[in-house]
Amino acid sequence: MRVALFITCYNDTLFPDTGKAVVRVLERLGHTVEFPAGQTCCGQMHWNTGYQSEALPLVKRFVEQFRGAEAVVIPSSSCVAMMRDHYPKMAVEIGDAALVEEVSQLLPRVFEFSEFLIKRLGLEDVGAYYPHRVTYHASCHGLRNLGLGDGPMRLLKAVRGIDLVELTALEQCCGFGGTFAVKNADVSSAMLEEKTGAVLATGAEVCTACDNSCLMHIQGALHRQKTGVKTLHLAEILAADKEMEL
């Protein structure tokens with residue numbers, strides 16, 4: 001399959017290894033990965049903080065860059081949720097009938113990374129090897145908006161050598177929520193304390209998730225507490241193999 005990668009501005013700026021990991025997994029599975037160089041932001045941060053008119057041109061930009069893709073893979077459930085929840089009505093608001101049609105045709109080909117592996121390709125074992133104790137945090141957008149369910153856990157269970165420990169209160173938010181963590185810092189910090197407590201209770205070496213935004217928030221607390229526990233995007237675990245370990 002010819003797969004186009006939408007890296008997201010968050011990963012592009014702060015976590016480029018996640019994008020490289022997505023490419024490694026997909027190419028290992030025999031797919032051709034393309035990277036449209038003109039891609040920018042999905043518009044989520046503009047839309048959610050009240051700058052909605054500034055977000056509208058980004059819908060057009062996304063369609064222009066990805067209209068020819070057989071599939072679009074995105075290592076962020078929050079960005080995919082933004083597109084599915086808001087792009088159709090944003091296209092209507094722009095008042096471009098052709099854009100409305102293009103959005104409706106493109107969105108069924110847009111997938112969050114783990115969703116693409118599980119639901120589009122029908123895979124669970126992607127040939128990964130990661131001999132570490134790992135726990136998984138279910139981000140809110142993936143759990144509630146996209147309905148990823150146990151898909152990411154099934155992918156992790158198929159990883160060779162992994163010691164996977166389930167996180168208690170898996171459905172609880174980590175407290176990040178983009179600007180929520182800034183505007184409601186005390187509430188966010190209290191939620192984060194509960195989440196990191198649950199992570200530490202597992203004895204895991206690594207906490208993984210489908211969103212680096214959540215992981216950055218969690219990693220900040222784990223680092224400040226000098227726990228030694230690391231965070232790593234799901235794609236980076238699935239990209240690991242024995243050759244990389246050596």
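The values are calculated or read from the model by the stated rules, or taken from the named source; none is laboratory data. These numbers were taken from a predicted model, which means no experiment stands behind them. Here the Cβ is made from the backbone with ideal geometry for all residues, glycine too, and neighbour counts use every protein chain on show. Side chains are part of the model used for accessible areas, which takes the heavy atoms of the whole protein and leaves out ligands, DNA and RNA. Shrake-Rupley method; radii C 1.70, N 1.55, O 1.52, S 1.80 Å.
Brief remarks on what is shown
- For the chain, the solvent-accessible area works out to 46 Å² per residue, with a probe of 1.4 Å and every protein chain left in place.
- Shape of the stretch 189-233, Cα gyration tensor, a/c cut at 1.5: rounded
- Per atom type, the chain shows carbon and sulfur on 52% of its accessible surface, probed at 1.4 Å.
- Highest-fluctuation residue, VAL159, VAL182, VAL63 considered, GNM on the chain with Cα pairs under 10 Å: VAL182
- Note on ARG224 and GLN52: the model spin-label points, each 7 Å out from Cα along the C-beta direction, lie 3.4 nm apart.
- Projected-area mean, the chain, by convex hull of Cα positions, square nanometres: 12.8 nm²
- Counting only aspartates and glutamates at least 8 places from LYS195 when in the same chain, those with an alpha carbon closer than 17 Å to its own are GLU166, GLU171, ASP186, GLU205, ASP211.
- Pairwise FRET efficiency - THR32 versus ALA158, Cβ, R0 = 22 Å, nearest 0.05: 0.40
- Modelled spin labels at PHE180 and ILE94, positioned 7 Å past Cα toward Cβ, are 2.8 nm from each other.
- Once Rg and the Kirkwood radius are both taken over the C-alpha atoms of the stretch 5-88, their ratio Rg/Rh works out to 0.97.
- Tail beyond 15 Å, pair distance distribution of the stretch 151-246 (Cα, percent): 62 percent
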